[in-house]
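In what follows, a single structure is set out as structure tokens and then discussed.
The values are calculated or read from the model by the stated rules, or taken from the named source; none is laboratory data. All figures in this text were calculated on a predicted structure; none of them were measured in a lab. Note that we place each Cβ from the backbone using ideal geometry, even for glycine, and neighbour counts take in every protein chain shown.
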């Protein structure tokens, strides 16, 4: 299992656009239901900072998000939308309580 946290800050005038792109990813995930993926996105109270948390468990180690068309669109111009670019960190879970329960 691989767990990743990504954080970034968008330009204030691009926050709504970023949220729309994220919502499109979830709409496609609801339709396609890729196996081996648990995923969540949070917007911080400053309105421009976002955190994505993913947990993947696939036989070949691939990330199912890479096959999601809406996620590809989300990534296309991410640097243009960002004031502070994405920082990706692989994490090791120490504990959680129902964070990724279905």
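To keep it simple, each residue is scored yes or no on (1) touching a helix residue (DSSP H, G or I) at 6+ places or on another chain (Cβ under 7 Å); (2) at pLDDT 95 or above; (3) surrounded by fewer than 16 Cβ atoms within 10 Å (Cβ to Cβ).
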position: 7; (1), (2), (3): no, yes, no
position: 12; (1), (2), (3): no, yes, yes
position: 16; (1), (2), (3): no, yes, yes
position: 25; (1), (2), (3): yes, yes, no
position: 44; (1), (2), (3): no, yes, yes
position: 51; (1), (2), (3): no, yes, yes
position: 68; (1), (2), (3): yes, yes, no
position: 73; (1), (2), (3): yes, yes, yes
position: 81; (1), (2), (3): yes, yes, no
Residue that is nearest to residue 86 (Cα to Cα), among those in the stretch 1-45 that are in a loop (DSSP other than H, G, I, E, B) and in contact (Cβ under 8 Å) with a residue 24 or more places away in the chain: 11
